[in-house]
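Student: Just passing along the structure, written as structure tokens.
The values are calculated or read from the model by the stated rules, or taken from the named source; none is laboratory data. Bear in mind the structure is a predicted one, so any value in this text is a computation, not a measurement. Note: ideal-geometry Cβ built from the backbone for every residue, glycine included; neighbour counts use all protein chains shown. What goes into the accessible areas is simple: the full protein's heavy atoms, side chains included, and nothing from ligands, DNA or RNA. Shrake-Rupley method; radii C 1.70, N 1.55, O 1.52, S 1.80 Å.
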There are 2 protein chains.
Amino acid sequence: MLPAFREDGRVRDLADALADVVGREHVLVDPETRAGYERDWTGRFGGPSAFVVRPGSTEEVSSVLLACAERSVPVIPQGGNTGLVGGGVPGKHDSRADRSHWPSPPAIISLSRISTLEPVDTASSQVTAGAGVTLAALQAAAASAGLAFAVDLAARDSATVGGMVATNAGGLHVMRHGAMRSQVLGLEAVLADGRVISRLDGLVKDNTGYDLSQLLVGSEGTLAVVTAARLRLVPAMHEQVVALLGFPGTEEALVALALLRRRADGLQAAELFYDDGLELVCSHAGIPRPLVHRWGAYLLVECASMNDPADGLLEALESLDLPDDATALATDAPSRARLWAYRELHSETVSSKGVPHKLDVTLPQGRLARFEAAVREVVERAAPRSTLVLFGHAGDGNLHVNVVGPDPDDESVDDAILRLVISMGGSISAEHGIGRAKSKPWRLFLNPKIPRQGPCY
Amino acid sequence: MLPAFREDGRVRDLADALADVVGREHVLVDPETRAGYERDWTGRFGGPSAFVVRPGSTEEVSSVLLACAERSVPVIPQGGNTGLVGGGVPGKHDSRADRSHWPSPPAIISLSRISTLEPVDTASSQVTAGAGVTLAALQAAAASAGLAFAVDLAARDSATVGGMVATNAGGLHVMRHGAMRSQVLGLEAVLADGRVISRLDGLVKDNTGYDLSQLLVGSEGTLAVVTAARLRLVPAMHEQVVALLGFPGTEEALVALALLRRRADGLQAAELFYDDGLELVCSHAGIPRPLVHRWGAYLLVECASMNDPADGLLEALESLDLPDDATALATDAPSRARLWAYRELHSETVSSKGVPHKLDVTLPQGRLARFEAAVREVVERAAPRSTLVLFGHAGDGNLHVNVVGPDPDDESVDDAILRLVISMGGSISAEHGIGRAKSKPWRLFLNPKIPRQGPCY
């Protein structure tokens, strides 16, 4: 069936026309060269494309979009292809879509060649980056100007500015600096009919009309293809301190966090995990437990500042009045990394137990403790002999819920957890977006018939 | 002509219908009771309304908007009526508008009664405030929870949350915390047909669809009437230090500012002014000049932190290698206020010289020095014997351009300045919005025929 599409005259004509625009070598029609673009890095999502086109400039993106629109060929913009919800690759069944409407599988538009990174504007602490610039390249440029980019992700070597804008990428420091949205001063983007909109002037204050750049952030390529972004940079904070704190439970951990927010200068991360997960991590990695005694809930906090933030954190911790054996502090880099490992090894540890059901949810901060208790009950009921591992970004109310045990294709436990999230006024997608993975849960999310709690005070 | 409108049966019926919704005492039809709502506080803008209606809840706003829409009566939402561009009051000529389209002058919808301020959510450092809550009330609530609201304005006792959201209000600390936009986690608002949209759950991370709340920020009531906002609060920063620095000119001041951005912990304000303005301020207020020698340009910087930021600022200043007589430092509150007065007395001083032409513009940070030189030439040419006073928020590239001399009704100097701003890639409205005052310059701004410089690196 697929070859028939590819032999379709219109698609062949389009590929030829685009070759005139971007160069023959940047229109990939062979299945072998296309393959890397047609499947996401997790291997869970993917499907056939008509071809892959790699424009090298905003003007070329404009010509490509216009040509595809004129021939009704659907398009999928793709950045570094590191997304977790399959939003940047074709669907398994896209080639079977209604041919009266779509004459072919989608064309993938890879933005990776639009990788111009302008010099850092040190006067304004800003930089203009093409959609294909990787996070690592952006971070390096900021660092060489004595500045930093506020968002950091594990996929930094592949994740691109365009994709991070389109998905409003989050990460570890959202509680201090906000997500990608907060870093965007303006965008250049191409609409479906080829028109270019642009606000790259870097004006910090500009109250002349709607902020269309902000509308595009997190829109996942449904409104326009982002080709460049004007981004704010933040001062580099070289002085850091990390503390691991033990608490009887989530409630106590969150009370402490609320106090640290008000008193610990430069607080930029507050990660939460639990004793069952920590036990698995320590035995999987063969590392010693971090504190003498066991605690119900653990908080890993990090402060960063231009001046040494350790005294400030110590003072704030004293006001918490924690027992001696509930605190581990690290100032030098190796010790800080050792404490971070307890949090960071959670993902790897979970995957070593089997194929996990992974959910990425946010709760109103004031309901996080109740959610933790409730989700344990829900999973116990829906999948009695499974392993539940919870961890996440406590500072953002963002929990990663991992369940190992139920068949990967059995969605009943996911469904039960998401219904709980929705009923408690939370979000079914904290930082990963909708893409293909969440389109079904999203319909659940939008269902007004599920009763949910109102605002949280 | 106007009485005829007011006697119009449809408008009278509408007022009666709304009285059933909000209570008779909250539909103001008498010219005397309407007067305070029909004119802005500067006295420059205003015009007759059909009536003023003061709904007390979101549901009442919904009913009011639906009823007005059904009868094609235009509406103007109004907050604290402290705007500077006449966006919250009827226009002088609204009553002469095309009657085939609008059967009456606009109805003013005052949001002042929607003033519920929920308890501060200390777990998340957030609060939900009704549109009519004043900035002062919001600040007081935050302070009593050991937190602060990041935006501050001189009009704090009257300015309301709804108006500040609708105009994306700025202020002194934008360089650190962003404008109103950056404080908004979500909004409740009513569309023109009475439908209510609401995102007050305070989720820090939620990537499920377009962020419509952000689209409403700065939309000046053109898309919806904001009835409540979920706002982030920031830690209270009680330790403060202020320094006044003298430089040969703007270029040197901005180089120093770029370095302070990277090295001065907690930098939150950087205000710029000039020797001619300072001279006028000192003689107007009868206060001594702040530094022994005269300098071309002055920078007033403020750092605030949980821990004392003075040492950090001193260290950063040392690396600037300024002459001894170019620096004045203040740590105690009275001394800080004395230094701030040199900047804050600029507005009052300018007004004492006559009715000023006032422009509020932003330039790309890297072009601010060139703009300063160019605007002096432009004003010298357009209004040779006038007094030009420049001051503003250097950290945001935001200058307030004041010209005293030309007749207040003669717009040629304003026009010349705005054309310069546009040609240099700046914005004609930094923080005040479009409203009525800027609608004509805005058309100039949108004119693609004015050549302008591209992005600034």
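Student: I'd like the Kirkwood hydrodynamic radius of the stretch B:283-357, using the inverse of the mean 1/r over distinct C-alpha pairs, in Å.
Tutor: 14.5
Student: Now for a separate question. Using only Cα atoms, tell me the angle between helix A:368-382 and the longest principal axis of chain A; keep it within 0 to 90° and round to the nearest 10.
Tutor: Relative to chain A, helix A:368-382 is tipped by roughly 70 degrees.
Student: Report the full-extension gain for the segment B:L259 to B:A416: residue separation times 0.36 nm, less the Cα-Cα distance, to one decimal in nm.
Tutor: That works out to 53.2 nm of additional length.
Student: Taking a cut-off of 23 Å between Cα atoms, list the lysines near B:K92, but don't count ones fewer than 8 places away on the same chain.
Tutor: In chain and number order, the partners are B:K358, B:K438, B:K440.
Student: Going 7 Å from Cα along the Cα-Cβ axis for the label, what nanometre distances separate B:S319 from the same residue across the other copies?
Tutor: The answer, with the shortest distance listed first, is 2.9 nm.
Student: If you don't mind, another one. Please list, by residue number, everything in the stretch A:103-145 whose backbone N is under 11 Å from a paramagnetic label point 7 Å out along Cα→Cβ of A:L191.
Tutor: Nothing falls inside the zone, counting backbone N under 11 Å.
Student: So for the pair A:R294, B:H284, with labels modelled 7 Å out along Cα→Cβ, what separation do we get in nm?
Tutor: Simple spin-label model gives 7.1 nm for this pair.
Student: Expected output is a single nm value to one decimal: the length gained when fully extending between A:K92 and A:Q453, i.e. 0.36 nm times separation in residues minus the C-alpha distance. What is it?
Tutor: Gain on extension, A:K92 to A:Q453, equals 126.3 nm.
Student: Just tell me how shielded B:126-135 is by partners: mean number of partner chain Cβ atoms within 10 Å of each residue's Cβ, no decimals.
Tutor: 1
Student: So, one more: Please give the FRET efficiency for B:R381 paired with B:D407, using the beta carbon to beta carbon distance and R0 = 22 Å, rounded to the nearest 0.05.
Tutor: 0.85
Student: Consider a paramagnetic label point 7 Å from the Cα of B:A140 along Cα→Cβ; state which residues of the stretch B:50-81 have an amide N under 19 Å from it.
Tutor: Flagged as within label range: B:80-81.
Student: First check a/c for the protein assembly as shown, with a ≥ b ≥ c the square roots of the eigenvalues of its C-alpha gyration tensor; if it is under 1.5, answer rounded, and if not, answer prolate when a/b is larger than b/c or oblate otherwise.
Tutor: Here the protein assembly as shown falls in the rounded category.
Student: Taking Cα centroids, how far is the stretch A:306-362 from the stretch A:241-300 in Å?
Tutor: The stretch A:306-362 and the stretch A:241-300 have Cα centres separated by 6 Å.
Student: How high is the relative contact order of the stretch B:312-457, in percent, with contacts defined as C-alpha pairs under 8 Å that are six or more residues apart?
Tutor: Result for the stretch B:312-457 is 25 percent.
Student: For chain A, what's the relative contact order in percent, using C-alpha pairs closer than 8 Å and at least 6 residues apart?
Tutor: So the answer I get is 13 percent.
Student: Hey, can you find the accessible area per residue of the protein assembly as shown for me, probe 1.4 Å, expressed in square angstrom?
Tutor: Averaged over the residues of the protein assembly as shown, the accessible area is 39 Å².
Student: While we're here: Which value, in square angstrom to the nearest 100, describes the accessible area buried between chains A and B on both sides, using a 1.4 angstrom probe?
Tutor: Buried surface at the A/B interface: approximately 5400 Å².
Student: Determine the relative contact order of the stretch A:9-90: mean sequence separation of Cα pairs under 8 Å and six or more apart, normalised by residue count, in whole percent.
Tutor: 35
Student: Taking A:G296 in one copy and the same position in all the others, each labelled 7 Å out along Cα→Cβ, what are the pairwise distances from the first, in nm, shortest first?
Tutor: Result, one decimal in nm: 6.6.
Student: With all protein chains present, how much of the accessible area of chain A (probe radius 1.4 Å) comes from carbon and sulfur, to the nearest whole percent?
Tutor: Accessible surface attributable to carbon and sulfur in chain A totals 52 percent.
Student: Of all the Cα-Cα pairs you can form in the stretch A:46-161, what percent are over 21 Å apart?
Tutor: Cα-Cα pairs of the stretch A:46-161 separated by over 21 Å account for 47 percent.
Student: Could you pull the accessible area for A:D16 with a 1.4 Å probe, rounded to 10 Å²?
Tutor: 70
Student: Want the number for A:S335 to A:A69: 0.36 nm per residue separation, take away the alpha-carbon distance, what's left?
Tutor: Answer, rounded to one decimal: 90.3 nm.
Student: How far is helix A:333-352 tilted off the main Cα axis of chain A, in degrees rounded to 10, range 0 to 90?
Tutor: 60
Student: Rounded, prolate or oblate: which fits the stretch A:254-318 when a ≥ b ≥ c are the square roots of the eigenvalues of the alpha-carbon gyration tensor, with rounded for a/c under 1.5 and prolate only if a/b beats b/c?
Tutor: Prolate is the answer for the stretch A:254-318, as a/c is 1.5 or above and a/b outweighs b/c.
Student: Any idea how far apart B:L444 and A:R24 come out in nm if each label point goes 7 Å out from Cα toward Cβ?
Tutor: 5.4
Student: Suppose you put the label 7 Å out from Cα in the Cβ direction; list, shortest first and in nm with one decimal, how far B:A154 is from each other copy's label.
Tutor: 5.3
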